[in-house]
Structure formats: C-alpha cells, structure tokens
Amino acid sequence: MNFEWTTREQAFRDEIRSFLARELPPDWETIARHGPGSKQQTEFSRIFCAKLAEAGLLVPHWPKEQGGRGSSVWEHFILGEEMWAVGEPRGPQYMNVNWIGPTILRFGTDEQKARYIPEIAAGNAVWCQGFSEPSAGSDLASLRTRADRDGDDFIISGSKVWTSYAGLAQHCFLLARTSGNRKEGICIFLISMQTPGINVRPIPALVGNGDLHEVFFQDVRVPASHMLGEEGKAWSLITYALANERIGLPRYQLSTRVLGEVVGQLKANGSWSDDVIKFRAGQALAACEAARMLVYRVVDQRSRGLPPNAESSLARVAIVEADHAVANFALDFLPEAFSSHVLPLLKPHHERAIAAGIASGAAEIQLGIVASDYLNLPRS
Amino acid sequence: MFLDISDDQDALLTTVSAVLARARSRLVLGGGKASFDLELDGDLEKGGVLDAASYPEFGVSTAALVVHEVCRSASIAEVAASAVIRPLICPEAPRPLAVLTGDPTQAIRFLPVARAVLVLSEAGASWFPVTADDVEMVEAYFAYPVGRLRDPDRCLSRALTVTDPGLARRLAQLAVAAEITGVLQGGLDSVTAHVTDRRQFGRPLGTFQSVQHRLAACASKIAAAKWLAFKAGGAGATHTDVVTALASAQTIVDAIVYDLHQFLGAMGLTLEHPLYRWTYRAKLLKSEFGGASRSHRELAELTWP
C-alpha cells in the first residue's frame, strides 16, 4: 500500500492549478450557476477548452500523436479532480475527453479518427450521448431505436430522452439497433446533429437550463461508414465507454469545495460554535473522503491495467452519498444561500446532487452490481 | 499510489489466515457473551504479525490490515492495541494490552486478560502492568471480556510515561477504526453466506432485491471505512486522516448492525450463531473516544479550525 503522490503527479497537479489561477475568469462561478448544459457554460467551455488544449491539459492522457502527452492514468484523474474542484469548467466536453474520444481512438476507423479526434483534442467539439430512451433508462439493453440498412446507408428511426447537451451539440454518440434484442444487435453511430430528420426538444428540468432534451430521429439517413465498430457488436464498446465514464467524475471534489465554502459562511454568521453543525459538517466531509478512497481504489486498479469490476459501483454509491451529505448540510444550515449569489457553485452542486444517483446508471443499478458481482449473492 | 495488498503483506496475511483457521476449527459457541481465545492471542504473538508496525517494509497500514483481518474472525483476541499502538509507543509493555481512555473507574475491555494498560488522558499517556489481583470482572454485555481496576490510584501510581502522547492517541483512534471495519466485515461475510444458503418463499433470501441492496450498501460503507483506516496508517498520514477513519467507521455501525441482524433473523438472536461476536463488538467500539458525534466534531475542528 502506498497513499502518496509521486513528485511528478504533484507537479502535474500544481501545473493545472497554475493554469486555472491564470485562465479561469473572475465571473466563471457566475457562469457555472446556469448549469453544465446551459448556453453560457457551453460557450464558455469552447473558449476554456481551447486554452486547455493549447496548454496540453485537455487530453494529456491521450497518445502524443493524437494531441495528448501520454500522461498516466493517475495524471488523467488528477486533471479531473482539479476541474471538479473549481466546478468543472470543461462543461459538456468532459464527455469527449474522458470516454467518447478514447472510445473512437480505440475502435474507430482511420477516417473516423481523422474526422473527430482533432476537433475533440482542440477543445472545439460538443457531443451528446444518445443512450436513454422512453423505455430504456437504467435498462439500456432494452433500447428500441432502429437502424435499418438501405444500400450503403442506415435509416435511423426512434427517439432518445433525457439527453444532456443535445440542444447545442454538433455530434451524437448514438445507440441504435439493427437486429436482435437485449445486448445483441446494438450499433453505435457517430452522427451530426444537423442531419435532416433529427429534432431536439428541450425539457424544462431541475438540473439547470439546457441539460435535458428529447431527441427524435425520423428516417435519418446515415452512411454506414459512420458506424463505430462492428455491426451489432456495440455492447462491449458501450461497456468500455461506460467504464471510462463511471470513474470520470470525481464529484466529491466539488462537494468538498462547496462544503468548505458553506462552513466559511457559517463561521462568518456566528453559527460555527454549534456542535450539531460541526457534527454534520464532519459527517459530510467524511462522506466525501469515503467516496474519494473508493474512487482512488478504482483508479489504481485501472492504472495497473486490471479489468473493470464491481468496485466502480461501490465507488458510485459512495459518491452519491457524499453529494447528498453536502447538499443536505447546506440546505439544513444555510438555506438563505440558495436565494443569493454569495456562493455561486452552491446551486449547480445542489442540482448535480439530485442527478447524482440517476445519471450514468442509477444508484440502485450500482447496488445490484455490487450484490451480484462483489458480494456474489445469488441472482433471482 | 498503490491501493492494494503488496506481496509482503500478502505473505503476512497467509500467516494470519493459518492462525485464524486453527482458531475457527476450535470455535465453540453457545456459552456466555464474552469470549477470548487465549490460544489465538498467543499464536498471533508467536507468529510475529503483531510487530508489523515497527518494520519499515510494513508500517502502521499493515498493522491496520492485520487488525482488520483478525477482527473478521468470530474468535476474539487482543490485536488492535498490540498491533497498532504497542510497537511504536510502548514495545516494552507486556501484552495483551488494554486501553483506558476516560475515567479510571470505568469498565475496560480486555482488562481481565491484559498484562498491561495503556492510559490516554488529557494529561498525556502512560502505561502500567497489571495482574489478576488488580482486576475485578464485570458482567459482559458486549462480546469482549471486560473488567474494572480494583484500585485505579494504586495502578496509576506505577505508570510509566510515554514520550509521544499525541501519537499514542492517534494510533489508538486508528486501532479502533480498523477494529470496527474488521468486525463489520466479519458480520457481513457471515450474513452474506446465510442469505445465500437460506431459502424462504422458495428461493434464497439473497435473491430478494430488498436484501441485496441493503447488503450492497453495507459493503460500500465498510470498504470505504477500511481503506480510510489503511490510509490513516500510511506514511505522511495526518491526524485529520486518522479522525476521518475513526469517524467514518463509527458512523456506519448502527445501520450495518441493524441490517445484519435483520437478515439473519432469529438465528442471529442466539448465542449459537457467531453474529453477536461481531455486532456486539461493533456496538461497544462505536462509543470509543466519545463516539461518532465527537469524532465528526473533531474532524470538523481539525479541518476548519
């Protein structure tokens, strides 16, 4: 066991912090109040991510020939921690760099890599993921969106829902079915959101402006060359992509940051001498550290090339608990802050906490995975 | 970072496993609540596993790992203080080692089998040897052997001061954290096996989602607390790390103990099943150092002074 950062890792963290101190504008937190899918945040991310790319900090974990610097798994993760500690200014582009780009790099054709990788590496691309459907949420394998062969093209028909960033995205990482059922017959298509037949309807939501959408596909013609990987064999690619996604979100960093800011306000208003408040603050902090440890354990396994396992689900459960511990602490002892601009990150944190147990596989799905694959309980 | 068991630690755990297997083979249930496996205690000492904290290649994290593993066993020995505190604070003290953290007249766990007592107080830290003549037995409510000093002043008068009372306290807090994660893991292991084998309504209990989700939540909490305890023993660990580990371990006890007993049902109410050996240790440990509330407040004060 070794719980210490290497000199190189610490230097990398310092480099990121220096960049953020230099490049994050004073009004960033006010922009963040609008939510990660908002027009303001998306536009900001295009400018910010381009600067990150110029500094070699957008995709440092990618191969050098693809715009990266060959950074280690831990360095990649440190980047995510530092971004979340300031409210995740990469906005929707975190998806591109954490799992869409890596999945295209691993499974894409040369043509697909040439088409998509440079703009992701330059910080110019916004993607959405066309996964969830009205009848396929946590049960992703029940998706129904069709992709029917027509010569050299596929005709896509169906709908997606709760799709983040769809209103402003250029591209969609779309799941559709060519045959079969459940995990068989699913394909991934990389498509332009400007393709005729795609209609996007924003859904008013608790989780910030512009975050949730319905996306309708009506006889959308897509060249077969836009398919990622083999026809009908996408489930293993999805598993790869989600394994990258599921530990790509060190949200406990934002929770810890917000917790510290709330404590600062409680000190300022004279409440900090209350033992109950101190108890709850300590409890929320301990929850954040619990999540951190379980996430670190997963990152360590990945850094050693071990296959993904149920420990990522253990970590996901702990992350959700940490988010809620901090959000509830703030609500209980500083409710007035939600009606003011004193703590700009409080609102986006609270909104993300609501979504934390639902996005990327509901907490109950994670508990089910822990039960079957970690505790080895019998399946029903 | 390397968050896994090293080859050296694995070799040490092999020794521990062999010792625990022997203890398991002679485990007898159905007697009184308190128990102490003198042979297990002796085997752990003879095997050298209790000295790991003092070896550079191991350190306190490894001691916490040993505590966790031994406490997963239904057989009870004094391991936490001896493995985590004694090698660095009072290696000359005989063991088993009991720890007194408050009023000297209070009941002290392991005192009836202890040969020394470590005292942690506001004034500092010290230890004194004890014999059977110094101890009166206390009726056990928890699974540990518990006793009281007949004449605390006389015992304290022969106490020897330790040089770093702050470190002694931190290690004692860490020892409790590791002990809690071990006993909770032992209970979870046992209940997981039970709900896998036990059939009701025509199928194993463990196939019910209500059971699965709650045990999975227990597993997540125990895993996090365990790794926080190991981290708190690592090089460069701070007092905040230690208190985080203690607070995290203490705060999960109530919910997990409740679930473990719920899912073991009436079997868990008997002394013929070992569940109480884990849950009744956890119930006592959660109140050490003022309990979870005090530990969380200490964490808050350390983080935001």
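Values in this text are rule-based calculations from the coordinates and carry no lab data. Quick caveat: nothing in here was measured; it's all calculated off a predicted structure. Because the Cβ atoms are built from the backbone with ideal geometry, glycine has one as well, and the counts that use them run over all protein chains shown.
With all pairs of separate Cα atoms included, the stretch A:51-196 yields a Kirkwood hydrodynamic radius of 16.4 Å.
Restricting the calculation to Cα atoms, the stretch A:7-125 shows an Rg/Rh of 0.96 when the hydrodynamic-style radius is the Kirkwood one.
Name the residue farthest towards the positive end of the dipole of the stretch A:7-125 from the options A:Trp99, A:Phe12, A:Thr30, assuming +1 on Cβ of Lys and Arg, -1 on Cβ of Asp and Glu, about the Cα centre. Farthest along the dipole direction, towards plus: A:Trp99.
Is the shape of the stretch B:165-303 best called rounded, prolate or oblate, per the rule: a/c under 1.5 gives rounded, else a/b larger than b/c gives prolate, else oblate, with a ≥ b ≥ c the square roots of the Cα gyration tensor eigenvalues? In terms of gyration-tensor shape, prolate.
Computing FRET efficiency as 1/(1 + (r/R0)^6) for B:Met267 and B:Tyr141, where r is the C-beta to C-beta distance and R0 is 22 Å, gives about 0.60.
Peptide B:226-236 shows a mean partner chain C-beta count of 4 within 10 Å per residue C-beta.
One decimal place: the segment A:Gln194-A:Asn124 gains 23.6 nm when fully extended, by the rule 0.36 nm per residue minus the C-alpha distance. With θ taken as phi - 60° and the Karplus curve 6.51 cos²θ - 1.76 cosθ + 1.60 applied, the whole-hertz 3J(HN,Hα) list for the stretch B:256-264 is 6, 4, 4, 5, 4, 5, 4, 7, 8 Hz, x standing for glycine and proline.
Distances between placed amide hydrogens fall under 5 Å for B:Leu100 paired with B:Leu118, B:Val119, B:Leu120, all partners being 5 or more residues away or on another chain.
Note on the stretch B:1-134: antiparallel DSSP beta bridges, both residues inside, total approximately 60 percent of the bridges counted. With the largest listed first and rounded to whole Å, the semi-axes of the equivalent ellipsoid of the stretch B:64-106 from the Cα gyration tensor are 20, 15, 9. As I understand it, the dipole of the protein assembly as shown uses +1 on the Cβ of Lys and Arg and -1 on the Cβ of Asp and Glu, about the Cα centre. Which of A:Phe279, B:Ile108, A:Tyr165 lies farthest toward its positive end? Positive-end residue among those listed: A:Tyr165. Helix-only arithmetic for chain B: the sum of -39500 (n - 2.57) across DSSP H runs with n ≥ 4, divided by the residue total, places the mean residue ellipticity at 222 nm at -17000 deg cm²/dmol.
Counted over chain B, the DSSP beta bridges are approximately 80% antiparallel. A simple packing score, the average count of other Cβ atoms within 10 Å per residue, orders the peptides A:43-56, B:227-240 as B:227-240, A:43-56, with the highest score first.
Rounded to the nearest whole Hz, the Karplus-based 3J(HN,Hα) values (6.51 cos²θ - 1.76 cosθ + 1.60, θ = phi - 60°) of the stretch A:41-50 follow the sequence 5, 5, 5, 4, 5, 5, 6, 5, 5, 5, with x at glycine and proline. First check a/c for the stretch A:49-89, with a ≥ b ≥ c the square roots of the eigenvalues of its C-alpha gyration tensor; if it is under 1.5, answer rounded, and if not, answer prolate when a/b is larger than b/c or oblate otherwise. Oblate.
Any idea what log10 I(q)/I(0) is at q = 0.11, 0.12, 0.15, 0.23 Å⁻¹ for the stretch A:247-374, Debye with uniform C-alpha scatterers and no solvent? So the normalised log intensities work out to -0.41, -0.48, -0.70, -1.27. The value of relative contact order for chain A, using C-alpha pairs under 8 Å at least six residues apart, is 16 percent.
Rounded to the nearest 20, the Cβ-based charge dipole of the stretch A:93-144 about its Cα centre (Lys and Arg +1, Asp and Glu -1) stands at 60 debye.
Taking the DSSP bridge list for the protein assembly as shown and keeping only pairs wholly inside it, about 80 percent are antiparallel.
Stretched out straight at 0.36 nm per residue, the stretch from B:Leu156 to B:Arg22 would grow longer than its current Cα-Cα span by 44.5 nm.
Proximity of backbone amide H atoms, modeled 1.01 Å from N, is registered between A:Phe3 and B:Phe2, B:Ala235 at under 5 Å, excluding neighbours fewer than 5 places apart on the same chain. Our compactness index for the protein assembly as shown, the C-alpha radius of gyration over the empirical 2.2 N^0.38 Å, is 1.05.
Per residue of A:368-374, other chain Cβ atoms within 10 Å of the residue Cβ number 5 on average.
Between helix B:165-197 and chain B, what is the angle of the helix's C-alpha long axis to the longest principal axis, kept within 0 to 90° and rounded to the nearest 10? Helix B:165-197 sits roughly 20 degrees off the main axis of chain B. Within 10 Å of the Cβ of each residue in B:291-300, the mean number of Cβ atoms contributed by other protein chains is 6.
For B:Ala125, the residues 5 or more places off, or on other chains, whose built amide H falls under 5 Å of its own are B:Val162.
Across the stretch A:346-356, coupling constants 3J(HN,Hα) worked out from phi with the 6.51/-1.76/1.60 Karplus curve, θ = phi - 60°, read 4, 5, x, 5, 4, 5, 5, 5, 4, 7, 4 Hz, and Gly and Pro carry x.
Dipole magnitude for the protein assembly as shown: computed about the Cα centre from +1 point charges on Lys and Arg Cβ and -1 point charges on Asp and Glu Cβ, it is near 880 debye. A Cα-only calculation for the stretch A:128-233 places Rg and Dmax at 13.0, 43 Å. Packing order of peptides A:158-167, A:210-219, A:266-275, highest average first: A:158-167, A:210-219, A:266-275 (average count of other Cβ atoms within 10 Å over each peptide's residues). For chain A, a crude dipole built from +1 on the beta carbon of Lys and Arg and -1 on the beta carbon of Asp and Glu, taken about the Cα centre, is about 220 debye to the nearest 20.
With the gyration tensor restricted to C-alpha atoms of the stretch B:55-138, the semi-axes of the equivalent ellipsoid amount to 22, 16, 11 Å, longest first.
Placing a label point 7 Å from the Cα of B:Gln209 along the Cα-to-Cβ direction, the residues of the stretch A:340-370 with a backbone N closer than 18 Å are A:357-370. Can you give me the relative contact order of chain B as a percent, contacts being Cα pairs under 8 Å and 6 or more apart? Reported relative contact order: 19 percent. Here the ratio of the Cα radius of gyration of chain B to 2.2 N^0.38 Å is 0.97. Normalised by the number of residues in the stretch B:11-124, the mean separation of alpha-carbon contacts (under 8 Å, six or more apart) gives a relative contact order of 22 percent.
As a rough guide to protection, the peptides A:75-86, B:203-214 ranked by mean Cβ packing within 10 Å, highest first, stand as A:75-86, B:203-214. Remark: C-alpha extents of the stretch B:1-129 on the principal axes read 43, 42, 23 Å, sorted largest to smallest.
Just going by the charge dipole of the stretch B:165-303, with Lys and Arg at +1 and Asp and Glu at -1 on Cβ, which of B:Ala235, B:Gln212, B:Leu269 is farthest out on the positive end? Farthest along the dipole direction, towards plus: B:Gln212.
Both the radius of gyration and Dmax for chain A are 20.8, 73 Å, in that order, over alpha-carbon atoms.
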